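Engineer: Got a structure for you, questions after.
The values are calculated or read from the model by the stated rules, or taken from the named source; none is laboratory data. Note that the coordinates shown come from a computational prediction; the quantities given were computed from them, not determined experimentally. All Cβ positions, even for glycine, are placed from backbone atoms using ideal geometry, and neighbour counts span all protein chains on display.
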């Protein structure tokens, strides 16, 4: 196991730690324009199949970590190109930045797609540019890992992570549309799901 590969583990620890630390330490105020336009849910809404999509994401990350651990432990990390770990590190760092930025603005984060009365529709911070920055951050973490440890197992895990993000995003969008109505539909019309200006 090379010392450089230990940095991959440190990057993953930093990513997951950013969830808790950002939620505990940072709360950015809403922008005045977003505050004036804020929609608040009046009733509880739970997305159908949200536990199944959450389970798919959990399986995807289990496959990812098994693939990473096996390749690093057996000293079988393929080398594709010069600077591959730098590219991977940049992608993971972007994921850490994005998830921290999103959580600093998100007022009502839940692991499951469930909306409680009083839940606010967040459209500021990174939510101005994409509807699901946390899922995009997970995709970046998995993509960076696949560049770092480019084995078939890790690339398969990346595909599963992206699929899980897509299914969870679509599930959440249905429940958000029911909870916030036209305000959310208008938001979707002007904001892409994962990649600003593209998708």
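Engineer: Looking at 169, 157, 179 in this structure, which one is within 30 Å of residue 65 (Cβ to Cβ), touching a residue at least 60 places away in the same chain (Cβ under 8 Å) and either surrounded by 15 or more Cβ atoms within 10 Å (Cβ to Cβ) or under 14 Å from the mean Cα position of the chain (by Cα) (or both)?
Structural biologist: 157
Engineer: In this structure, does residue 122 turn out to be assigned to a loop (DSSP other than H, G, I, E, B) and either at pLDDT below 95 or more than 30 Å from residue 76 (Cβ to Cβ) (or both)?
Structural biologist: yes
Engineer: Additional query: For region 86-104, what are the residues that are more than 23 Å from residue 122 (Cβ to Cβ), buried (at least 18 other Cβ atoms within 10 Å of the Cβ) and in contact with a helix residue (DSSP H, G or I) (Cβ under 6 Å, 6 or more places away or on another chain)?
Structural biologist: Within region 86-104, 88, 91, 92 qualify.
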